[in-house]
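Undergrad: Handing you this structure, nothing more for now.
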Amino acid sequence: METEMYRHGQMFNPSFDRYEQYDKAGWLFHFVARDEGKMVGYSLIYLVPSMHTQQQIATEDTFFISPSHRKGRNGIRFYKFIEEEMTKRGAKEMMFTAKLTNKVGTILEYLKFEKVALQYCKQLGRADSAHTQG
């Protein structure tokens, strides 16, 4: 998993049942980028009311474009398409992540996304993550 490098050691085990439940609830949207009918990219977006503001928030689950299609404005066009669709569906805010292992942040900043947080990850239960008293 190219964009999930920080999860090394964890088994990839998506819950297709939960994805289906979210889809049926109207909370999950699937986007596919195609080139001559062949899928070359995809994205899954959750659209749910914020627990804090009750405004609709679109949040990325995943975004991928095949390396052979990461040229020109393909990524930008795909992001813009998703943004337009989420706006049509009532989103007032859109949240995407930019992993440190890729250049997605540059595209997001070009599209006027703002950095609003740093996200930290700690793998729990491993010897190197054990709590130590200092």
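Undergrad: Where is the GNM fluctuation largest for the chain (alpha-carbon springs, 10 angstrom cutoff): His52, His30, His69?
TA: Result for the chain, Cα springs under 10 Å: His52 fluctuates most.
Undergrad: Also, I was wondering about something else. Ignoring solvent entirely, what values of log10 I(q)/I(0) come out of the Debye formula for the chain at 0.16, 0.20, 0.22 Å⁻¹ when each Cα is a single scatterer?
TA: Scattering profile of the chain, log10 relative to I(0): -1.00, -1.40, -1.53.
Undergrad: For the chain, what is the mean residue ellipticity at 222 nm derived from helices alone (per DSSP H run of n ≥ 4: -39500 (n - 2.57); sum divided by total residues; nearest 500 deg cm²/dmol)?
TA: Taking each H run of at least 4 residues, the total per residue is -7000 deg cm²/dmol.
Undergrad: Then there's this: State to the nearest 20 debye the size of the charge dipole of the chain about its Cα centre, where the only charges are +1 on K and R beta carbons and -1 on D and E beta carbons.
TA: I would put it at about 300 debye.
Undergrad: Taking neighbour Cβ counts within 10 Å as the exposure measure, how do Tyr42, Tyr120 sort from fewest upward?
TA: Tyr120, Tyr42
Undergrad: Let me ask something else. Please determine, in degrees from 0 to 90 and to the nearest 10, the orientation of helix 74-88 with respect to the longest principal axis defined by the Cα atoms of the chain, where the helix direction is its Cα long axis.
TA: The helix 74-88 is inclined about 80 degrees to the chain.
Undergrad: Among Leu118, Leu100, Leu44, which one shows the biggest mean-square fluctuation in a GNM of the chain, springs joining Cα atoms closer than 10 Å?
TA: Leu118
Undergrad: Given a cut-off of 30 Å, name the pairs among Lys38/Lys103; Lys24/Lys115; Lys80/Lys122; Lys71/Lys112; Lys38/Lys92; Lys71/Lys115 whose C-alpha atoms lie farther apart than that in the structure shown.
TA: Flagged as over cut-off: Lys24/Lys115; Lys80/Lys122; Lys38/Lys92.
Undergrad: Give me Asp61, Asp17 sorted ascending by neighbouring Cβ count inside 10 Å, so fewest comes first.
TA: Ranked by crowding around the Cβ, least crowded first: Asp17, Asp61.
Undergrad: Another one. Rank Glu93, Glu36, Glu84 by mean-square fluctuation in a GNM of the chain with C-alpha springs under 10 angstrom and give only the top-ranked residue.
TA: Glu36
Undergrad: Right, something else. Remind me, relative contact order of the chain in percent, using alpha carbon pairs under 8 angstrom and six or more residues apart?
TA: Once divided by the residue count of the chain, the mean separation gives 18 percent.
Undergrad: Trypsin sites (Lys or Arg not before Pro) within the range 16-78: which are DSSP loop residues with at most 11 other Cβ atoms inside 10 Å?
TA: Filter output for the range 16-78: Lys71, Arg73.
FYI, it's all coordinate maths here, none of it is from the lab. What you see is a predicted model; the values in this text were computed from it and never measured. Neighbour counts run over all protein chains shown; Cβ positions are idealised from the backbone, glycine included.
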